[in-house]
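Colleague: Next up is a structure, given as C-alpha cells.
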Amino acid sequence: MSTLTTGPSAGGPVGPGGLDESVGLSGSTSRRGDAVFAGLARSAGVLIMVVLAGVAIFLAIEGAPALYASGENAYGYDNIVLFVWPLLYGTLLAALLAMLICTPLAVGLALVISHYAPRRVARPIGYVIDLLAAVPSVVYGLWGRAVLAPAILPFYQWLGDNLGWLPFFEGPALSGRTILTAGIVLAVMALPIVTAICREVFLQTPKMHEEAALALGATRWEMVKMTVFPHSRSGIVSAVMLGLGRALGETLAVAMVLSATGIITINLISTSNPSTIAANIALDFGNASGTKINTLIFSGLVLFVVSFAVNFLGRYIADRGRKKLERG
C-alpha cells in the first residue's frame, strides 16, 4: 500500500518552487512574533523613561518654590540647604552602614549556596533568603523597634564603656533606637536582593575555569579567588548598588526605628540622630501645608537625584568591569 505525501519530506504542502510551504509560513509567523515582541519591549522602555522624566519634572516644578523658603516654611532653618543637608547626611550614613554590614554577609551566603553547601542544604537556604524580600517594611520596623533595639542596647553600652574614646561610640548609650540600629535593619532588608543577584552571578562562572583551577591543585577558596570573583566582579557591584538603592529609599522601617533629632553627628550609638529624607517626608507630609509641602518635595527631588546618580555609577562600574573582563 502506498503512502500519500505532500512534500519532499512529508513535512507539508509543496509550493510552486518545490519548497515546503509550512516552513515559510512558520518563518513568517516567527518573524512577525519577533517584531511584535521587539515593539512591546521598546514601548516598555520608552514608557519607563517617560515616567521617570515625568517624576523628575514634577519634583522640580513643585520643589522650586522651596529655594526661597526660610524660617517656618523651611522648618526653622534659614534656607533650604540647611534643611536638606542633615537629612541627606542621615540618608547616606544609614545606607552606608547598611551596605557595610550587608555586603560581606550577602557575598558569603551567595558563595555558600552556589559553591560550598550541598544542594539539599543550599536550596532551603536560598528559599529562606529569598523569602526575606517578601516581608513588609512595617514588619521590619516593628522588629527593629520592639525586638532589636532593646536587645542590642547592652552591646551599645559595652561599646560606650570600652571604645568610648572613639568618636563613633561615645557613651553613654541610652537607647537602642540609633542610626546604627537603623543601618542593621536596612542591611537585613537589602540582604535578599544582594544575595540573590550574587548567587546567580556566581553560578554563571564557566565550569571549565573552576575545574581547571582545581585540577592545578588549588583549594576551594583559591579557586573562588582566581575564577569566581574576577568573573563576577561587575555583577557584585551591580548587586551592591541595587541594595544601596533599596537602603536609600526605605521609609517606614527607618521612621519607626530611628530616634531622630536632626543633629549631625558621627556617633553611631547616640540617640541624637539625623533623620533620613524618606522617613522625614513620611512623618511630616501629613501635617504640611503651603510652602512646607514644596520644601518636602524639594527634599524628595534631592533623594531622586542621589538615587539616580548611585544607580548610574553602579551601571558604569559594572559595564567597565565587564568590558575589562572580555578584553582580558
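Colleague: If you stretched the chain out fully between residue 60 and residue 264, how much longer would it get, using 0.36 nm times the residue separation minus the C-alpha to C-alpha distance?
Modeller: Once the chain is fully extended between residue 60 and residue 264, it gains 70.8 nm.
Colleague: A further question on this structure: Against the 2.2 N^0.38 Å scaling, with N counting residues, where does the chain land? I'd like the Cα-based Rg ratio to two decimal places.
Modeller: Computed over Cα atoms of the chain, the ratio equals 1.37.
Colleague: I would also like to ask the following. So, for region 37-326, what is the accessible surface per residue at a probe of 1.4 Å, expressed in square angstrom?
Modeller: 52 Å²
Colleague: Which far-off residues, 5 or more places away or on another chain, put their amide H under 5 Å from the one on residue 77, with H placed in the peptide plane?
Modeller: Excluding prolines and chain starts, which carry no amide H, the hits are 71.
Colleague: Also, quick follow-up: At 7 Å along Cα-to-Cβ for each site, give me the label-to-label distance between residue 316 and residue 139 in nm.
Modeller: Between residue 316 and residue 139, the label points sit 3.8 nm apart.
Colleague: Follow-up. Roughly speaking, what is the stretch gain from residue 219 to residue 130, that is 0.36 nm per residue apart minus the C-alpha to C-alpha distance, in nm to one decimal?
Modeller: 29.1 nm
Colleague: Calculate for the chain the 222 nm mean residue ellipticity that helices alone would give, adding -39,500 (n - 2.57) per DSSP H run of length 4 or more and normalising by residue count, nearest 500 deg cm²/dmol.
Modeller: -22500 deg cm²/dmol
Colleague: Would you list which aspartates and glutamates come within 20 Å of residue 323, measuring only between C-alpha atoms, while excluding same-chain residues fewer than 8 positions from it?
Modeller: 200
Colleague: Give me the percent of accessible area attributable to carbon and sulfur for the chain, probe 1.4 angstrom.
Modeller: Heavy-atom surface of the chain belonging to carbon and sulfur, 1.4 Å probe: 68 percent.
Colleague: For region 254-298, compute the orientation-averaged projected area of the C-alpha convex hull (one quarter of its surface), in nm².
Modeller: 3.4 nm²
The values are calculated or read from the model by the stated rules, or taken from the named source; none is laboratory data. Please read these numbers as outputs of a predicted model, since none were measured by experiment. Positions of Cβ are backbone-derived with ideal geometry, glycine not excepted, and every protein chain shown enters the neighbour counts. What goes into the accessible areas is simple: the full protein's heavy atoms, side chains included, and nothing from ligands, DNA or RNA. Shrake-Rupley method; radii C 1.70, N 1.55, O 1.52, S 1.80 Å.
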